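I have placed the structure first, in the form of structure tokens, so that the comments after it can refer back to it.
The values are calculated or read from the model by the stated rules, or taken from the named source; none is laboratory data. Keep in mind that what you see is a predicted model, and the values were worked out from it rather than measured. A quick note on method: Cβ atoms are made from the backbone with ideal geometry, for glycine too, and the neighbour counts reach across all protein chains shown. Calculation scope for accessible area: heavy atoms of the full protein, side chains included, ligands and nucleic acids excluded. Shrake-Rupley method; radii C 1.70, N 1.55, O 1.52, S 1.80 Å.
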Amino acid sequence: MLETMDIRDPESLRAIANPVRQRILMQLAVAGHARAADLAEAIGQPANSVSFHLRVLARAGMIVEAPEHARDRRDRVWKNVATSYNVKPAAGDAADLILRPTVEWLSEVFAHGGHEETRDAGRTFMLTTMMLTRDDANELILELSQLLNRWSERSLAASRDEPVTPREVYQLLTAVAPRDDPRGDADTDAKG
């Protein structure tokens, strides 16, 4: 199994952009391998819908059949080809396929993240501005990557060790880049 699969082509971008397919990939990471019916039950989707999404992921090369886990030749069992998937920003129409739905999701989180009751529910929005050198930024990116990898491994291990404990799929969007405002000192509150 690959450690990280780089997502570059439009078919793979479309495959990973769908939230149901993201949940399928996560569930396969937890279970190691699974059938469509098992995945459907785990993520609360109809089996025929999950079968469709599995075919899309397979065509994109993100999952493969695991015949070693099948009961017979008709039994289709699937597994991930990588432990993580890295979307390359320059890949095709990544902005339209990945960023646009993510920004819509982020807008929803932002709209509801400032309330005390939603913060207690594990939902928040954070924006931090820093003055960094390029080396500082690279060090920060490395530390964030290590932290996220630790939490990802920890959550997968906990999901495997305690499968009956209810869990939700959380997403964390991380962007570290120089922030240049092309409008200069324009008032962002100004209308029109």
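Take peptides 21-28, 59-66, 43-50 and line them up by average Cβ neighbours within 10 Å, highest first, as a rough protection proxy.
Numbers: 21-28: 20.6, 59-66: 17.8, 43-50: 14.2.
The packing order, highest mean first, is 21-28, 59-66, 43-50.
Give the dimensionless ratio obtained when the Cα radius of gyration of the chain is divided by 2.2 N^0.38 Å. Write out the running numbers ahead of the final one.
Numbers: Rg = 19.3 Å, N = 192, 2.2 N^0.38 = 16.2 Å.
Cα-based Rg divided by the globular estimate yields 1.19.
Expressed as a rounded percentage, what relative contact order does the chain have, with Cα pairs under 8 Å and six or more residues apart? Please report the intermediate quantities before stating the final value.
Numbers: 169 pairs, mean separation 44.7, N = 192.
Relative CO of the chain lands at 23 percent.
When ranked by the protection proxy of mean other Cβ atoms within 10 Å per residue, highest first, what sequence do the peptides 130-141, 3-14, 30-41 form? All intermediate terms of the calculation are to be shown ahead of the outcome.
Numbers: 130-141: 10.5, 3-14: 16.2, 30-41: 18.0.
Result, highest mean first: 30-41, 3-14, 130-141.
For every helix of n ≥ 4 consecutive DSSP H residues, a contribution of -39,500 (n - 2.57) applies; sum these over the chain, divide by its total residues, and give [θ] at 222 nm rounded to the nearest 500 deg cm²/dmol.
On the way: 7 runs with 89 residues, N = 192.
Mean residue ellipticity at 222 nm (helix-derived): -14500 deg cm²/dmol.
Would you kindly derive the ³J(HN,Hα) couplings of segment 62-67 from the backbone phi angles with the Karplus curve 6.51 cos²θ - 1.76 cosθ + 1.60 (θ = phi - 60°), listing them in order in whole Hz, with x for Gly and Pro?
Going residue by residue, I get 8, 9, 9, 5, 10, x Hz, with x marking Gly and Pro.
Rolling a 1.4 angstrom probe over the protein heavy atoms, how many square angstrom per residue are accessible across the chain?
Numbers: 14050 Å² over 192 residues.
On a per-residue basis, 73 Å².
Over the Cα atoms of segment 1-90, each weighted equally, I'd like the Debye log10 I(q)/I(0) at q = 0.12, 0.24, 0.25 Å⁻¹, rounded to two decimals.
The Cα Debye sum returns log10 ratios of -0.33, -1.26, -1.35.
Short version: ³J(HN,Hα) in whole Hz for each residue of segment 171-176, in order, from phi by Karplus 6.51 cos²θ - 1.76 cosθ + 1.60 (θ = phi - 60°), x for Gly and Pro, what are they?
Result, rounded to whole Hz: 10, 10, 9, 10, 9, 10.
Helix by helix through the chain, keep the DSSP H runs that span 20 Å or more along the axis on Cα and average at least 1.0 on Kyte-Doolittle, and give those back in order. Mind dumping the intermediate values first?
Details: long enough: 134-161 (40 Å, -0.75).
Long hydrophobic helices here: none detected.
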